[in-house]
1. On C-alpha positions alone, give me the angle between the axis of helix 181-198 and the longest principal axis of the chain, in degrees, nearest 10.
2. Quick one: in the chain, what % of C-alpha pairs are over 25 Å apart?
3. Report, in listed order, any pair from Lys51/Lys199; Lys13/Lys199; Lys68/Lys128 with a Cα-Cα distance greater than 29 Å.
4. ³J(HN,Hα) across the stretch 18-29 via Karplus (A = 6.51, B = -1.76, C = 1.60, θ = phi - 60°), whole Hz, x for Gly/Pro?
5. Can you figure out the FRET efficiency of Phe192 with Asn223, using R₀ = 35 Å and their beta-carbon distance, to the nearest 0.05?
6. If you put +1 on each Lys and Arg Cβ and -1 on each Asp and Glu Cβ, how big is the dipole of the chain around its Cα centre, in Debye rounded to 20?
7. Quick one: the Cα spread of the stretch 104-217 along its three principal axes, in angstroms, biggest first?
8. With θ set to phi - 60°, apply the Karplus curve 6.51 cos²θ - 1.76 cosθ + 1.60 along the stretch 58-66 and write out the HN-Hα couplings as whole Hz, x wherever there is a Gly or Pro.
Amino acid sequence: MNNNDSTILRCEKLSKSYKDGKIDVQVFDEVNLSVQSSERIAIVGPSGAGKSTLLHLLGGLDQPTTGKVWIDGVDINAQSERNKSQLRNRSLGFVYQFHHLLPEFNALENVAMPLLIGNTPPKLAAEKARHMLDQVGLSHRTLHRLGELSGGERQRVAIARALVNNPLCVLADEPTGNLDNHTAGQVMELLFDLNDRLKTSVVIVTHDLSLAAQMDRTLTMINARLQQN
Ligand code: ADP
(Lines give C-alpha, C1' and ligand atoms only; values in the text may rest on other atoms or scores of the structure.)
Protein backbone atom coordinates (compact mmCIF):
# COMPACT_ATOMS: atom_id res chain seq x y z
CA MET A 1 0.00 0.00 0.00
CA ASN A 2 2.91 2.37 0.59
CA ASN A 3 4.53 1.60 -2.73
CA ASN A 4 4.57 4.88 -4.65
CA ASP A 5 4.28 3.02 -7.97
CA SER A 6 0.75 2.01 -7.09
CA THR A 7 -0.37 5.58 -6.34
CA ILE A 8 -3.16 6.40 -8.79
CA LEU A 9 -4.24 9.77 -7.50
CA ARG A 10 -2.54 12.17 -5.13
CA CYS A 11 -2.95 15.69 -3.87
CA GLU A 12 -0.59 17.73 -1.77
CA LYS A 13 -1.33 20.84 0.26
CA LEU A 14 -4.50 21.36 -1.70
CA SER A 15 -6.43 24.49 -0.74
CA LYS A 16 -9.55 26.05 -2.19
CA SER A 17 -11.15 29.38 -1.42
CA TYR A 18 -13.81 31.50 -3.08
CA LYS A 19 -14.24 35.23 -3.14
CA ASP A 20 -17.47 36.39 -1.54
CA GLY A 21 -17.42 40.09 -2.32
CA LYS A 22 -14.10 41.19 -0.88
CA ILE A 23 -13.87 38.31 1.55
CA ASP A 24 -11.98 35.07 0.83
CA VAL A 25 -14.03 32.10 1.99
CA GLN A 26 -11.79 29.11 2.66
CA VAL A 27 -13.48 25.83 1.72
CA PHE A 28 -10.53 23.68 2.82
CA ASP A 29 -6.87 24.08 3.52
CA GLU A 30 -3.74 21.99 2.89
CA VAL A 31 -5.47 18.71 2.14
CA ASN A 32 -3.17 15.74 1.47
CA LEU A 33 -4.48 12.49 0.04
CA SER A 34 -2.93 9.53 -1.69
CA VAL A 35 -5.11 6.91 -3.39
CA GLN A 36 -3.50 3.55 -4.11
CA SER A 37 -4.41 1.08 -6.82
CA SER A 38 -7.50 -0.94 -5.79
CA GLU A 39 -8.07 1.17 -2.69
CA ARG A 40 -11.63 2.06 -1.62
CA ILE A 41 -11.97 5.40 0.15
CA ALA A 42 -15.06 7.11 1.58
CA ILE A 43 -15.17 10.84 2.22
CA VAL A 44 -17.84 11.86 4.72
CA GLY A 45 -18.64 15.07 6.57
CA PRO A 46 -21.32 17.71 7.04
CA SER A 47 -23.08 19.32 4.11
CA GLY A 48 -21.12 22.31 2.80
CA ALA A 49 -17.81 21.03 4.23
CA GLY A 50 -16.20 20.89 0.78
CA LYS A 51 -16.44 17.21 -0.17
CA SER A 52 -17.79 17.79 -3.68
CA THR A 53 -15.29 20.58 -4.25
CA LEU A 54 -12.46 18.21 -3.30
CA LEU A 55 -13.76 15.54 -5.67
CA HIS A 56 -13.89 18.07 -8.51
CA LEU A 57 -10.31 19.11 -7.82
CA LEU A 58 -9.13 15.48 -7.64
CA GLY A 59 -10.72 14.92 -11.05
CA GLY A 60 -9.01 17.96 -12.56
CA LEU A 61 -12.40 19.61 -13.17
CA ASP A 62 -11.59 22.71 -11.14
CA GLN A 63 -8.42 24.63 -10.26
CA PRO A 64 -7.12 24.68 -6.69
CA THR A 65 -6.23 28.00 -5.07
CA THR A 66 -2.90 26.43 -4.08
CA GLY A 67 -1.49 22.91 -4.06
CA LYS A 68 -1.18 20.16 -6.65
CA VAL A 69 -3.04 17.12 -7.96
CA TRP A 70 -1.35 14.22 -9.73
CA ILE A 71 -3.44 11.79 -11.76
CA ASP A 72 -1.46 8.66 -12.64
CA GLY A 73 1.71 10.61 -11.81
CA VAL A 74 0.89 13.62 -14.00
CA ASP A 75 0.45 17.12 -12.51
CA ILE A 76 -3.02 17.72 -13.95
CA ASN A 77 -3.09 21.49 -13.56
CA ALA A 78 0.19 21.90 -15.44
CA GLN A 79 -1.41 20.36 -18.56
CA SER A 80 -3.14 21.95 -21.52
CA GLU A 81 -6.94 21.55 -21.60
CA ARG A 82 -6.54 18.94 -24.33
CA ASN A 83 -4.05 16.87 -22.30
CA LYS A 84 -6.21 17.23 -19.21
CA SER A 85 -9.23 15.84 -21.06
CA GLN A 86 -7.21 12.93 -22.43
CA LEU A 87 -5.82 12.10 -19.01
CA ARG A 88 -9.27 12.25 -17.41
CA ASN A 89 -10.76 10.15 -20.19
CA ARG A 90 -8.04 7.50 -19.88
CA SER A 91 -7.70 7.34 -16.11
CA LEU A 92 -10.89 8.37 -14.36
CA GLY A 93 -14.59 7.56 -14.24
CA PHE A 94 -16.93 10.20 -12.85
CA VAL A 95 -20.26 9.74 -11.14
CA TYR A 96 -21.37 13.19 -10.03
CA GLN A 97 -24.69 14.32 -8.63
CA PHE A 98 -25.62 16.42 -11.61
CA HIS A 99 -24.05 13.82 -13.71
CA HIS A 100 -23.68 15.64 -17.01
CA LEU A 101 -25.48 13.02 -19.01
CA LEU A 102 -26.70 14.13 -22.42
CA PRO A 103 -30.53 14.17 -22.33
CA GLU A 104 -31.01 14.21 -26.09
CA PHE A 105 -28.98 11.00 -26.52
CA ASN A 106 -30.09 7.50 -25.60
CA ALA A 107 -28.62 5.39 -22.79
CA LEU A 108 -26.36 3.43 -25.13
CA GLU A 109 -24.94 6.59 -26.72
CA ASN A 110 -24.34 8.17 -23.31
CA VAL A 111 -22.43 5.14 -22.04
CA ALA A 112 -20.45 4.78 -25.28
CA MET A 113 -19.42 8.47 -25.20
CA PRO A 114 -16.15 8.11 -23.19
CA LEU A 115 -15.06 5.28 -25.50
CA LEU A 116 -15.84 7.28 -28.65
CA ILE A 117 -13.95 10.27 -27.25
CA GLY A 118 -11.03 7.89 -26.64
CA ASN A 119 -11.21 6.77 -30.31
CA THR A 120 -12.61 3.27 -29.75
CA PRO A 121 -14.23 2.12 -33.03
CA PRO A 122 -18.02 2.80 -32.87
CA LYS A 123 -19.07 -0.86 -33.20
CA LEU A 124 -16.83 -1.98 -30.33
CA ALA A 125 -17.89 1.05 -28.25
CA ALA A 126 -21.56 0.12 -28.70
CA GLU A 127 -20.83 -3.49 -27.77
CA LYS A 128 -19.01 -2.51 -24.57
CA ALA A 129 -21.69 0.05 -23.69
CA ARG A 130 -24.43 -2.57 -24.15
CA HIS A 131 -22.53 -5.01 -21.91
CA MET A 132 -22.12 -2.36 -19.20
CA LEU A 133 -25.81 -1.36 -19.38
CA ASP A 134 -26.63 -5.03 -18.99
CA GLN A 135 -24.48 -5.16 -15.84
CA VAL A 136 -26.37 -2.26 -14.25
CA GLY A 137 -29.69 -3.92 -15.13
CA LEU A 138 -30.68 -1.59 -17.97
CA SER A 139 -30.48 -3.83 -21.03
CA HIS A 140 -34.20 -3.11 -21.63
CA ARG A 141 -33.57 0.64 -21.74
CA THR A 142 -30.59 0.95 -24.12
CA LEU A 143 -32.45 2.91 -26.79
CA HIS A 144 -34.43 5.16 -24.44
CA ARG A 145 -33.42 8.77 -24.36
CA LEU A 146 -32.23 9.99 -20.97
CA GLY A 147 -35.27 12.26 -20.66
CA GLU A 148 -37.46 9.12 -20.73
CA LEU A 149 -35.69 7.46 -17.79
CA SER A 150 -36.32 7.76 -14.04
CA GLY A 151 -33.78 9.41 -11.72
CA GLY A 152 -32.55 6.02 -10.51
CA GLU A 153 -32.21 4.72 -14.06
CA ARG A 154 -30.25 7.83 -15.06
CA GLN A 155 -27.94 7.28 -12.10
CA ARG A 156 -27.31 3.71 -13.28
CA VAL A 157 -26.51 5.04 -16.76
CA ALA A 158 -24.02 7.42 -15.08
CA ILE A 159 -22.39 4.49 -13.26
CA ALA A 160 -22.22 2.44 -16.46
CA ARG A 161 -20.61 5.39 -18.26
CA ALA A 162 -18.05 5.83 -15.45
CA LEU A 163 -17.04 2.17 -15.60
CA VAL A 164 -17.10 1.49 -19.35
CA ASN A 165 -13.53 2.66 -19.90
CA ASN A 166 -12.05 0.46 -17.13
CA PRO A 167 -10.63 3.54 -15.40
CA LEU A 168 -7.82 3.48 -12.83
CA CYS A 169 -10.08 5.28 -10.38
CA VAL A 170 -13.78 6.06 -10.07
CA LEU A 171 -14.72 9.34 -8.37
CA ALA A 172 -18.31 9.19 -7.18
CA ASP A 173 -20.35 11.89 -5.45
CA GLU A 174 -23.29 10.27 -3.62
CA PRO A 175 -23.52 7.51 -6.27
CA THR A 176 -26.46 5.86 -4.54
CA GLY A 177 -28.15 9.06 -3.36
CA ASN A 178 -31.15 8.77 -5.72
CA LEU A 179 -31.54 5.01 -5.58
CA ASP A 180 -33.75 2.67 -3.59
CA ASN A 181 -31.93 0.27 -1.25
CA HIS A 182 -32.08 -2.67 -3.63
CA THR A 183 -30.74 -0.76 -6.64
CA ALA A 184 -28.15 1.00 -4.47
CA GLY A 185 -26.90 -2.40 -3.30
CA GLN A 186 -26.65 -3.64 -6.90
CA VAL A 187 -24.79 -0.54 -8.03
CA MET A 188 -22.26 -0.77 -5.21
CA GLU A 189 -21.79 -4.50 -5.84
CA LEU A 190 -20.94 -3.64 -9.42
CA LEU A 191 -18.45 -0.99 -8.35
CA PHE A 192 -16.83 -3.32 -5.84
CA ASP A 193 -16.71 -6.17 -8.37
CA LEU A 194 -14.79 -3.95 -10.77
CA ASN A 195 -12.61 -2.82 -7.89
CA ASP A 196 -11.78 -6.50 -7.13
CA ARG A 197 -11.24 -7.68 -10.68
CA LEU A 198 -9.50 -4.71 -12.26
CA LYS A 199 -7.94 -3.03 -9.22
CA THR A 200 -9.97 0.09 -9.96
CA SER A 201 -9.69 2.51 -7.05
CA VAL A 202 -12.92 3.99 -5.74
CA VAL A 203 -13.29 7.35 -4.00
CA ILE A 204 -16.84 7.98 -2.82
CA VAL A 205 -18.42 11.00 -1.19
CA THR A 206 -21.34 9.71 0.83
CA HIS A 207 -23.68 10.38 3.73
CA ASP A 208 -24.38 6.66 3.98
CA LEU A 209 -22.30 5.39 6.89
CA SER A 210 -23.07 1.74 6.14
CA LEU A 211 -21.64 2.29 2.66
CA ALA A 212 -18.60 4.07 4.16
CA ALA A 213 -18.08 1.06 6.44
CA GLN A 214 -17.52 -1.13 3.36
CA MET A 215 -14.51 0.93 2.26
CA ASP A 216 -10.83 0.48 3.21
CA ARG A 217 -10.61 3.97 4.71
CA THR A 218 -13.03 6.70 5.69
CA LEU A 219 -11.89 10.32 5.76
CA THR A 220 -13.90 13.18 7.22
CA MET A 221 -13.95 16.66 5.74
CA ILE A 222 -14.55 18.99 8.65
CA ASN A 223 -13.37 22.43 9.72
CA ALA A 224 -11.57 22.90 6.39
CA ARG A 225 -9.42 19.79 6.97
CA LEU A 226 -9.51 16.22 5.74
CA GLN A 227 -9.17 14.01 8.80
CA GLN A 228 -8.33 10.33 8.95
CA ASN A 229 -10.96 8.54 11.08
P1 ADP B 1 -20.21 19.40 0.32
O2 ADP B 1 -19.98 18.59 -0.89
O3 ADP B 1 -19.37 18.93 1.49
O4 ADP B 1 -21.65 19.52 0.71
P5 ADP B 1 -19.36 21.59 -1.37
O6 ADP B 1 -18.01 21.17 -1.82
O7 ADP B 1 -20.50 21.44 -2.30
O8 ADP B 1 -19.71 20.88 0.04
O9 ADP B 1 -19.31 23.14 -0.94
C10 ADP B 1 -18.36 23.63 0.01
C11 ADP B 1 -18.52 25.11 0.17
O12 ADP B 1 -18.01 25.79 -0.98
C13 ADP B 1 -19.96 25.57 0.35
O14 ADP B 1 -19.99 26.58 1.32
C15 ADP B 1 -20.31 26.10 -1.02
O16 ADP B 1 -21.30 27.09 -0.92
C17 ADP B 1 -18.99 26.67 -1.48
N18 ADP B 1 -18.89 26.69 -2.94
C19 ADP B 1 -18.89 25.61 -3.77
N20 ADP B 1 -18.76 25.99 -5.06
C21 ADP B 1 -18.70 27.36 -5.05
C22 ADP B 1 -18.54 28.37 -6.04
N23 ADP B 1 -18.44 28.04 -7.34
N24 ADP B 1 -18.49 29.65 -5.64
C25 ADP B 1 -18.58 29.98 -4.34
N26 ADP B 1 -18.71 29.08 -3.35
C27 ADP B 1 -18.76 27.79 -3.69
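1. 80 degrees
2. Roughly 39 percent, rounded to a whole number.
3. Checking Cα-Cα distances, Lys68/Lys128 exceed 29 Å.
4. Listing the rounded values in order: 10, 8, 10, x, 9, 9, 7, 9, 7, 7, 8, 9 Hz.
5. Approximately 0.70, to the nearest 0.05.
6. Computed about the Cα centre, the dipole is about 400 debye.
7. Over the stretch 104-217, Cα extents along the principal axes are 39, 29, 18 Å.
8. 5, x, x, 9, 8, 8, x, 6, 9
The values are calculated or read from the model by the stated rules, or taken from the named source; none is laboratory data. Note that the structure is a prediction, hence the values are computed from the model and not measured. Glycine also receives a Cβ, built like all others from the backbone with ideal geometry; neighbour counts cover every protein chain displayed. With ligands, DNA and RNA removed, areas are computed over all heavy atoms of the protein, side chains included. Shrake-Rupley method; radii C 1.70, N 1.55, O 1.52, S 1.80 Å.
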